[in-house]
Amino acid sequence: MDTDQIKIIIADDNKFFAQALKESLEKNPKLKIIKMFYQLDDLANNCSSFYFDILILDINFKGENSLLIIDQLKSKLNVFKIIILTTLVNNYTKKLAASNGVFNFKSKDETLHNFDLELIKIVKHEDNNNTQKVYYKKTSIASVKLTDTKINILQELYTSASLNEELIAKKLNISIATLKTHKQQLFALTGTKNVSHLIKFGIKNGIILP
């Protein structure tokens, strides 16, 4: 692999971020960005036309969770590594990612410094490893950490948005006071001020499945 460029596809609906990432990675002559996708359906329908080693995939495409199309991608392609870009990693996202063969996460809040070396190491690890491939190794935890309980409450706030607090608390089998406490803690953790903004945050960061 030392003599061959590592071929990479970047899929991100933020064109400015994707272009900056491309320029940063291609400073390393061992890496080559062969295609950029800015829409999920375009990625799903056309990426099978390319041979590549790594897919760098944004978890959120205008509210759509890209983890949900990974099976569709894998059914069309040879073995490749998936690196998920996100601003938040939680237990729900990790479980969904692991079940879909995600190899690693990269937080958008982290610097891109040395990301090129991380990608090279990932591919070299596979080339030098004759054992079974491991697709889910480690997680870069971003600044926000939510417990499974809070993730469940956030999902219920979205699913039962038309219901009042009393009915939502009843569905969750908790008291109204406990529900209110969790909501205030969620506001503090996510930097949001109301349920509407909290739900938008959850969808944007792949915590809530629309």
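If the condition is being among the acidic types (Asp, Glu) and either at positive phi or under 13 Å from the mean Cα position of the chain (by Cα) (or both), then segment 49-69 contributes Asp58, Glu64. When Asn28, Asn45 are screened for being of a type outside the set (A, V, I, L, M), modelled with pLDDT under 95 and touching a Leu at 6+ places or on another chain (Cβ under 8 Å), only Asn28 passes. Say whether the condition of being modelled with pLDDT of 80 or more, more than 22 Å from Glu64 (Cα to Cα) and basic (Lys, Arg) is met by at least one residue in segment 120-133. Within segment 120-133, one or more residues are modelled with pLDDT of 80 or more, more than 22 Å from Glu64 (Cα to Cα) and basic (Lys, Arg).
The values are calculated or read from the model by the stated rules, or taken from the named source; none is laboratory data. This structure is a prediction, so every number in the text was calculated from the model and none was measured. Neighbour counts are summed over all protein chains in view; Cβ atoms, including those assigned to glycine, are modelled from backbone coordinates with ideal geometry.
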